[in-house]
Structure formats: structure tokens, C-alpha cells
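Beneath this line is the structure, given in C-alpha cells, with notes to follow.
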Amino acid sequence: MNRDEAENLALSAFAFITSDEERMSRFLAVSGLRPDTIRSAASEPGFFTGILDYVASDEPLLVALAKELNTKPEHIMAAHWTLSPSEFE
């Protein structure tokens, strides 16, 4: 998976998170962002990586997102790895 594909998947993940008030509230609480700071945060390097870090850390969210996108969780994790490769690999 290339970087553009991974970023597009992260954008889809963000749309999925923001489409549900409960998911969005939890995301804001965990990330420390506020509704009025999301736009500026989204323009920062690492925003997409942070989205996929968040999804990867929550297995039920990961599975729900994969179902919504009609893909496998492994595909989402591949995007996560593309944007944030492990230093041990």
C-alpha cells in the first residue's frame, strides 16, 4: 500500500469516526482535540497517522470500520503500518 492510499483510508476512518456522536466524543476525549481545533490539527503532519493509531488501538472500532469499508482489518492495519512503520521491522 502506498502513502496516498493509506492517507485516503485514514480520511475514510476519520469520516467514520465523526459520523457517530458517541465515537466522536470518545475520539475527542482520547485525542485531546476539541471540535474547534480539529481543522487545524488535520493540516498538521501526523494527523492521518494519529487517526490510524487511534483505530488500531481499539479493536471493536477497527472491526466496525473494516465492516463499514467492506475490507479486512488487516487492510486497515497495512495502512497504519505504511504511515507509521515499526522501528523493529
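The values are calculated or read from the model by the stated rules, or taken from the named source; none is laboratory data. A quick note: this is a predicted structure, and the numbers were derived from the prediction, not measured. Don't worry about glycine lacking a Cβ; one is built from the backbone with ideal geometry, like all the others, and counts go over all protein chains shown. Protein only, heavy atoms only, side chains kept; ligands, DNA and RNA dropped before computing areas. Shrake-Rupley method; radii C 1.70, N 1.55, O 1.52, S 1.80 Å.
Results, tabulated for the structure shown:
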{"quantity": "Sole residue being under 13 Å from the mean Cα position of the chain (by Cα) and surrounded by fewer than 16 Cβ atoms within 10 Å (Cβ to Cβ), chosen from 42, 6", "calculated": "42"}
{"quantity": "Selected residue (only one of 38, 76, 17 is of a type in the set (A, V, I, L, M, F, W, C) and touching a Lys or Arg at 6+ places or on another chain (Cβ under 8 Å))", "calculated": "17"}
{"quantity": "Residue check, residue 59 under 13 Å from residue 77 (Cβ atoms), open to solvent by 80 Å² or more (accessible area, probe 1.4 Å) and of a type in the set (D, E, K, R)", "calculated": "yes"}
